[in-house]
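Notes to accompany the following structure.
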Amino acid sequence: MRRAAAAWASLVLGVGALAAPASAAGAPRTGGPIDPNVLLQALSCASAGNCGAVGDYRDALGNGQALLVTEAAGRWRRAVQAQPPAGSAVDPFAASRGGGLTGISCPAAGECAAAGRYVTAGGTVGGVLLQERRGRWPRGVRLALPANALRRTTHKHRPAAPMSVNAIACGSPGNCVAVGNYETVAEVLEPLIAVERSGRWQRAIEAPLPPGAAVAGQNATLLSVACAPSGGCSAAGDYIDTSGHQQALLVSGSGRRWAPAPAPVPPSDASGDPSLTPSAIACPVPGACAVVGTYLNPLANSLGLLLSQAGGIWQGGVGAALPAGAAPAGTFGDQAAVLSSVACPQAGECTAVGWYFDNYGNSQGLIVSQHDGVWQPGTEVKLPTNAVTGLNKQSSGVDWISCASVGNCLATGVYTDIGYNSQGLLIQESGGVWQPATEAPLPRGAATAQSAATVASDCTAPSTCTVIGDYDDASGNLAGFMLTENAGRFGRATELLLPPATAAEVRLSLAAILLPSGPAAQLGKIRSARRYVYTYRAVEPGTAASSWYATVNGSSVLIAAGRTQARAAGATRVDLRLTPAGEQLLAGAGVLRVSVRARFTPRGNHGAQQAQASFTLR
């Protein structure tokens, strides 16, 4: 449960996005440093010390980007900025606009695949697929929707046709499956499957629905997928039946051949409309999978859903039995249990995790184990000794679990300490025994007041696991971290190093020192002050310069110039002073046409960037 302005004409620049007004997405922001607001989303490890993770962050201009971070031979590299397909917005992965990476799968070291959504320059949302090759991430490709997809663009009365990419899994390098949903020409939502074969993504297909699925008013999706090295995959999600009820959608197949399983019978205490939401799937071998999620009972209580497959046949659903002291599910709306993740190191031997509410209004971590194909009653996570207790005080839960073998697992999540800080949870099972949870260590310099969480884990061997999470750094900014467990011991957390500024960011930042704006941007005031001061947000250390020119008797004359040394990323001032020729020209002018050239020379390893524009001073 993750903690949860210039009004003049004729601007001519190298990238059209630089013309955006200050209120638009992508416009450089002024003021204090930007909080990168890092949110790591998913983790996958091919082997010990060889992992990949994806997440979201805000760049030095405040635009929403995605990051890709790789661990190779036990060392985490600096993250790189995910490159969306050509024609994307300047904030292609802004969550507020529907962007973001949702999943990653690493079948071999340096060979990962990631998936999610991005925003185009026109404001529509598309699926994006990225493939790491030999440790390098090239530009992503756009997911090609099925032929019956609605081709609707954004305008003020009708939003763009919705679509989502929710998960990805790879059986081997270059052979992956991504799942989600999309809107068809019939204006209903259908489940989507995209398949990669030998390194090439094919056009996505519409996943088949079981008999009895609604035609009109369909709202189906696939939320999770698991693939075997042999290439067979299984996916889970939900759909609407002809009675208008939400049921579990379970499909399996490979390539372009997929088949739905008959809808499993809901748990015996489910409502007439059970609202089944299978959110996670694990398959140790084909035909023996487990799915977890949620369903509703007649009193509008959310309860944990458990579905099991044996011999290729899905059994009827069962509800997770909650620990003693749980809030009652027999009264209206008192319980809200969720199962969020499942791991199955062996057929019939699975563990599911999530959270539920106790009788005191606290959310507590939940672990439910399956032995010999039978789901056992759930147990409450024993929190660290510094956890807050009392009425309506604790907010803990478990988001993810990974198991290296039967009885050897690591679960991650969040809890509230006695100082009402959110802290990351590490819950270890060793030799079949769950240990009391411990607080996740944070990188050096972490803030005292915290909103930390451990997001995901991946265990490649017993007591050999990797963890990702988020925390507040010394500046109070949300940052990312990684943890490694070796021989049952966790070392100090590694701070995620954000991607360096890109050349595109530098070009975009130059918009701030092109067109003057505000009350001071008037000919008379500039003439009196003999200067104009820009506020410039540097995206990295370097030198920024701006020069104004006017045409006199057919010749270009320098009328003002200024420069500044930016020692670090952040806001600085470029003091533009009139030249003697500029003072003389402005002294007798009532209107003046000006061309401006801006340049930034970084200390980094990419070259200088330039931009130009023209405006009229009045």
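Would you tally the residues in region 355-407 being assigned to a strand (DSSP E or B) and either open to solvent by less than 30 Å² (accessible area, probe 1.4 Å) or within 16 Å of T454 (Cα to Cα) (or both)? Adding up the residues that qualify gives 20. Within region 80-108, being within 21 Å of A169 (Cα to Cα), surrounded by 22 or more Cβ atoms within 10 Å (Cβ to Cβ) and over 11 Å from the mean Cα position of the chain (by Cα) holds for A82, P84, S105, C106. Out of S430, S396, S363, one residue alone is more than 29 Å from the chain's Cα centre (by Cα) and at pLDDT 95 or above. It is S430. Scanning region 31-50 for residues that are more than 15 Å from V455 (Cα to Cα) and in contact with a Ser or Thr (Cβ under 7 Å, 6 or more places away or on another chain), we see that the one that is least open to solvent (accessible area, probe 1.4 Å) is S47. Here A461, A487 are screened, and the one residue that is among the small types (G, A, S), at pLDDT 95 or above and over 15 Å from A440 (Cβ atoms) is A461.
The values are calculated or read from the model by the stated rules, or taken from the named source; none is laboratory data. Computed from a predicted model, the values in this text were never measured in an experiment. As a convention, Cβ positions derive from the backbone with ideal geometry for all residues, glycine included, and neighbour counts pool all protein chains shown. Areas reflect the complete protein model, heavy atoms only, side chains present, ligands, DNA and RNA absent. Shrake-Rupley method; radii C 1.70, N 1.55, O 1.52, S 1.80 Å.
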